[in-house]
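For reference, the structure is listed below as structure tokens.
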Amino acid sequence: MRKISFLMVSFLFAFYFAGNVWAQSNETKAEPYIFTDIKEIKSTSIKNQNRSSTCWSFSGIAFLESELIRMGNPAVDLSPMYVVRNIYAMKADRYVRFNGTNNFGPGGSFFDVLEAIKRFGIVPLEVYPGLNYGEDLHVHGELDALTKAFVDVIIKNPNKKISTAWKAAFDGILDAYLGKVPENFTYYGKNYTPKSFVKFLGLNPDDYVVITSFNHHPFYQKFVLELPDNWIHGEAYNVSIADFERILDFAIDNGFPVAWASDVSDKGFNWSKGVAIVPDINDIENAGSDKERWTRLSNKEKEKVLYAFDKPVKEMTITQELRQLAFDNYQTTDDHGMVLVGKANDQQGNTFFKVKNSWGADGVYKGYFYASKAFVLYKTTNIMVHKKAIPMDIQKKLGI
């Protein structure tokens, strides 16, 4: 009996050990994210903002390029730097008028793109590449430092009277680096001004709105979005998180691109892996086969596993309160502008948005990446869409 019991115990121990090794090995070899596109919105080629803080213009322009394709127009590459050039001059004027208390820097917002096109029109990329300073790619360190130093001198008012020359001098800096603004140009054999080109394209800036979802302002009203780069004090429509999600789904499902401003400094964003997620650190399902071990791990140890991006994980359920808390505590910051151009499922059927970036055609998805719905709901500061991309009942609530 003892001999038989010993053999049985030995057998059971070996079986348990082998099973445990297999489980751990299976976890180690877990399949990374595999995405299947289920909805794709046509877009132009990937661009590269390089070493410039002009994602707001690149993404806003990329969004409008996809809009033009959606509207039945041939694909056209528009100039982000034409927008940047005109907005920098506007920003300098307001900075001086606010005695240096308004934000002045290279960042911006989707409001800027709409305002620039409304006031100054737009031109093709080939007409205004914005590279007038000996570089093949955008490098704005010197330009940004120089323009900031210039406007700071103006607000110090060393002559005790601001001269009539300062705006022309500031324009001279912009012209030297980015190029003079063209009064007219030829495109496919026809002559245009920047404003007549907008009419030719059929773009109407008034067709587009900026939307957000925060509960420190009433829902279904507009408010000035409190972001440092919203120097222009643009007003966003505020909706509940449920309606915000409905707008995202309705837009993409019906072929509308979505300009997306979000926080890419969050640890859930991984460009090298091409994915952005919000893992649920407390959910036992993320433990895999070794739940007992998972419960003994510290939060830091759990995060190391969850943010390895080596397999799909269960994500947090995003609520209005979670969104608000992250925004109020500066955990969600307005880092980067991109464009949502499709939807995909991972191998477990979870929904992701396909994102067009402006960091060049590199990375695992050649300039694109995939952001989970949870990440988009949690980390979005604002979006821009065509009014028709909003469900009718929400349009009525907003008075659009």
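A few points about this structure:
- Residue selected from region 281-315 under the condition within 30 Å of A242 (Cβ to Cβ) and modelled with pLDDT under 75, by the criterion surrounded by the most Cβ atoms within 10 Å (Cβ to Cβ): N286
- Considering region 313-400, the qualifying helices (runs of 4 or more DSSP H), each wholly inside and each with 2 or more residues that are within 25 Å of D207 (Cβ to Cβ), without any contact (Cβ under 8 Å) to a residue 40 or more places away in the chain and not hydrophobic (A, V, I, L, M, F, W, C), run over 392-398.
- Enumeration of residues in region 97-114 that are buried (at least 19 other Cβ atoms within 10 Å of the Cβ) and in a helix (DSSP H, G or I): F110, F111, D112, V113, L114
- In region 117-143, the residues that are out of contact with any strand residue (DSSP E or B) (no Cβ under 7 Å at 6 or more places or on another chain), among the hydrophobic types (A, V, I, L, M, F, W, C) and buried (at least 23 other Cβ atoms within 10 Å of the Cβ): I117
- Count - residues of region 103-120 that are over 16 Å from the mean Cα position of the chain (by Cα) and within 16 Å of D77 (Cβ to Cβ): 1
- Within region 347-365, restricting attention to residues that are crowded, with 21+ Cβ neighbours inside 10 Å and not hydrophobic (A, V, I, L, M, F, W, C), the residue that is farthest from G274 (Cα to Cα) is S358.
Each row is one residue, and each column tells you yes or no for (1) within 19 Å of T44 (Cβ to Cβ); (2) surrounded by fewer than 21 Cβ atoms within 10 Å (Cβ to Cβ).
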{"position": "T317", "(1), (2)": "no, yes"}
{"position": "E321", "(1), (2)": "no, yes"}
{"position": "Q331", "(1), (2)": "no, yes"}
{"position": "N345", "(1), (2)": "no, yes"}
{"position": "F369", "(1), (2)": "yes, no"}
{"position": "V385", "(1), (2)": "yes, no"}
{"position": "I390", "(1), (2)": "no, no"}
{"position": "D393", "(1), (2)": "no, yes"}
{"position": "I400", "(1), (2)": "no, yes"}
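- Residues located in region 256-273, provided they are assigned to a strand (DSSP E or B) and β-branched (V, I, T): V258
The values are calculated or read from the model by the stated rules, or taken from the named source; none is laboratory data. Everything numeric here is computed off the predicted structure, so don't read it as measured data. In this analysis, Cβ positions are derived from the backbone assuming ideal geometry, glycine residues included, and neighbour counts consider all displayed protein chains.
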